[in-house]
Amino acid sequence: MNDPSYWPDASQLSVGLVGLGSGRVHVDDGDPIPVRYALDEQARQRLVAPARELVEFLLEDRIRIYGPFAALVAARLAGMDADVHAKITEGRGPIAVAELELLLGWDVERRALFAEAVRGRPDHVTSLHGVTEWLGGLPGYPDFARTALEAAGTRVAAIHAGGIPCRAEKAFTREETATLGRAVRLALLKDEPWLPDLLGELLPGVAVAPTQAKTLPSQGLLFEVARAMEEYPTPEAVSALYAARRATRHAGVPLQLDRKFKRIEPVLADRLEVAFRLPDGRLRQAVGEHTAVLSTDGGIELSWWHEDRKLKGVPAAVRREHPEEVKRLREPAKQARQRKTTLIRALEAGYTSRTAPPYRQLEGHPVTDRLIWEFEVSPGVWRSELGLTVPDVPVRLWHPARAPVEEVRAWREAVQDKELRQPFKQAFREVYLLTPAEEAAGTRSGRFAEHVVDYRRLRALFKDRGWRSDFLGHRQGDGEARRVLAGGHWRATLDHYLHDEHHAITGEIRFQRLTEGAWHQVPLAEVPALVFGEAMRDVDLFVAVTSIGLNAQAAGGHEDYWHSSVTSEETPAFRRGRNRTPAEQDRGRRLAARRTAVKTPHDIARFDRVFGGGDNQATERTIRNTLAVGPAER
């Protein structure tokens with residue numbers, strides 16, 4: 001019962017009191033507590049006096065220390081709900097008070113479990129499993145969740161209408177923010193149909209002040225909802241969060257949200273029922289004598305028409321006479337583009353899923369035509385095709401690590417010949433197989449160890465690729481970057497060490513599996529091939545982009561490392577080149593020669609987007625932010 005990551009079926013209170021009564025109990029239908037932990041009336045009577053003493057102790061201005069939920073548990077045992085009501089609701093805000101009043105209608109066991117669920121935990125402890133699902137089964141809580149979120153939306157609307165004065169970060173109390181976090185998690189988990197419209201108004205509202213100030217009505221609520229999306233994302237909620245990012249004037253908020261998007265979007269691959277929901281078709285809207293057409297059945301395009309003639313841009317008359325309508329129509333186009341990007345990222349993250357996502361939901365969508373798929377045409381026999389062309393059989397995304405060398409080569413040539421621009425790098429995706437040395441080493445891989453890298457660029461790439469790490473400085477010189485894969489069942493870690501003020505040294509890579517709520521290190525031979533490969537692909541990118549071997553001018557004090565990097569066949573560039581055909585190697589040399597002539601950040605981004613084997617936006621950001629921009633410019 002002390003496992004901090006496991007949600008029990010009985011509270012610690014009930015478990016600790018086993019044997020106190022006579023064992024003769026009456027359990028109501030639907031009571032969540034197992035009979036062996038239930039207290040009979042005799043046991044409850046024995047607890048009244050100590051519970052009353054505890055309540056009186058807490059009422060002496062100690063509720064702010066121990067929290068109201070522990071007081072509610074003791075109050076129910078002591079029969080003192082009325083005595084504690086005024087004290088526990090003081091200064092919490094009406095939304096949090098409404099949650100407390102709901103709890104007053106629950107029995108002591110439900111109150112005790114709720115108190116355990118909301119108890120604060122250190123950052124390094126895995127979050128509790130099953131709490132949100134449990135809240136959804138409690139009497140009255142789903143209805144309360146909707147009422148609470150609607151009340152939040154009404155309050156934010158009143159702030160923007162001038163009915164409530166706007167004070168920075170004061171729209172909601174800290175307790176109300178926590179309550180709304182639980183409410184939105186439940187609504188996201190249940191994929192409530194009313195939630196998208198509500199978040200579409202609420203999130204931009206809390207992200208920007210009604211005046212020209214750069215402050216927010218509630219930065220706390222904005223980030224709490226973002227944290228909820230890290231657990232239960234939906235495409236519509238992600239779009240609302242992007243709208244909030246565009247609306248805010250605060251310089252630091254977009255940076256914080258960008259980090260959260262990196263963690264949110266891959267989780268969509270594990271919410272199979274919602275991950276591939278994407279608007280498609282056409283939306284037509286008459287604006288004066290013209291018609292706006294939003295098309296999402298191919299590329300996302302907002303076009304303007306006059307009768308049957310497509311115009312080059314927004315007509316001058318529409319821009320002059322209907323500026324608000326033009327602005328309103330651009331917003332769904334932005335949302336559609338963002339949802340498409342989210343879908344592509346979810347598809348790519350699905351490589352490491354333990355079960356194949358429901359790809360059939362995408363049949364007929366243009367994004368599938370540019371991807372290679374595998375179909376199980378007979379038990380254990382998979383056939384690869386371009387596009388979702390084989391009906392009524394199991395399907396999965398093709399990955400070069402699962403294919404023979406000849407098949408990989410054939411698909412790469414086909415993609416080149418067709419000049420096919422894939423949504424993400426698939427045919428030319430790097431493959432990382434477990435080496436005999438790594439298998440013999442057991443649980444640690446030193447494949448990318450002992451590289452001297454630019455630390456700030458490395459940190460930027462950690463954030464870009466969804467790895468978490470603490471900042472290293474004079475107080476902390478050793479670090480561990482972590483990325484969770486396969487729907488939270490696997491975790492990769494990369495050790496790294498601060499070498500001097502500007503440089504770090506990479507260490508070993510390890511893998512852990514989540515078992516019974518805790519991370520356990522496992523031998524590399526037990527790691528699924530695609531989990532291993534996708535993590536190694538990230539680390540190879542880190543080294544290839546941030547190694548000082550790329551820049552002789554940055555190698556001050558590390559000349560020996562720089563010299564070994566540019567002459568050794570174990571540099572990242574040589575590693576990727578070893579398995580290429582002569583034709584591929586020749587193409588790589590030609591592209592490298594052209595790459596050296598590229599100077600500006602814009603040209604570097606454009607070059608890699610065109611020639612890099614895919615149009616993944618991370619490539620553009622990575623090159624621009626880490627290679628092309630020096631420390632002074634950042």
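The values are calculated or read from the model by the stated rules, or taken from the named source; none is laboratory data. For clarity, every value in this text was computed on a predicted model and none was experimentally measured. Virtual Cβ from ideal backbone geometry, glycine too; neighbours counted across all protein chains shown. The area values use the complete protein model at the heavy-atom level, side chains included, leaving out ligands, DNA and RNA. Shrake-Rupley method; radii C 1.70, N 1.55, O 1.52, S 1.80 Å.
Descriptive notes on the structure:
- Meets criteria (of a type in the set (A, V, I, L, M, F, W, C), assigned by the TED database to the domain that holds Lys170 and modelled with pLDDT of 85 or more) for Val84: no
- Positions within region 465-499 being within 22 Å of Ile548 (Cα to Cα), among the small types (Gly, Ala, Ser) and modelled with pLDDT of 85 or more, in sequence order: Ser469, Gly479, Ala481
- Scanning region 486-499 for residues that are within 21 Å of His451 (Cα to Cα) and open to solvent by less than 40 Å² (accessible area, probe 1.4 Å) gives Ala492, Thr493, Leu494, Asp495, His496.
- Residue check, Glu376 of a type in the set (Asp, Glu) and in contact with a Phe, Trp or Tyr (Cβ under 8 Å, 6 or more places away or on another chain): yes
- Complete set of residues in region 417-440 that are under 16 Å from Gly387 (Cα atoms) and free of Cβ contacts under 8 Å to residues at least 60 places away in the same chain: Lys418, Glu419, Leu420
- Within region 86-111, the residues that satisfy the criterion of being outside any loop (DSSP other than H, G, I, E, B), of a type outside the set (A, V, I, L, M, F, W, C) and open to solvent by 60 Å² or more (accessible area, probe 1.4 Å) are Lys87, Pro94, Glu101.
Condition check ((1) under 23 Å from Val539 (Cα atoms); (2) among the β-branched types (Val, Ile, Thr)) across all residues:
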| site | (1), (2) |
| --- | --- |
| Pro379 | no, no |
| Val390 | no, yes |
| Arg396 | no, no |
| Ala403 | yes, no |
| Glu407 | no, no |
| Trp411 | no, no |
| Val415 | no, yes |
| Thr443 | yes, yes |
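- Just one residue in the set Val55, Val73 is more than 32 Å from the chain's Cα centre (by Cα), more than 16 Å from Ala178 (Cα to Cα), open to solvent by less than 40 Å² (accessible area, probe 1.4 Å) and touching a residue at least 40 places away in the same chain (Cβ under 8 Å); that residue is Val73.
- Scanning region 223-238 for residues that are closer than 14 Å to Asp191 by Cα and of a type in the set (D, E, K, R), we see that the one that is nearest to the chain's Cα centre (by Cα) is Glu231.
- Check on Leu39, modelled with pLDDT under 80 and surrounded by 12 or more Cβ atoms within 10 Å (Cβ to Cβ): yes
- When residues of region 87-115 are limited to those that are at pLDDT 85 or above and among the β-branched types (Val, Ile, Thr), the one nearest to Glu60 (Cα to Cα): Val97
- Single residue of Ala209, Ala168 found to be more than 26 Å from Ala117 (Cα to Cα) and modelled with pLDDT under 90: Ala168
- Filter result for Arg174 (free of Cβ contacts under 8 Å to residues at least 60 places away in the same chain and surrounded by fewer than 17 Cβ atoms within 10 Å (Cβ to Cβ)): yes
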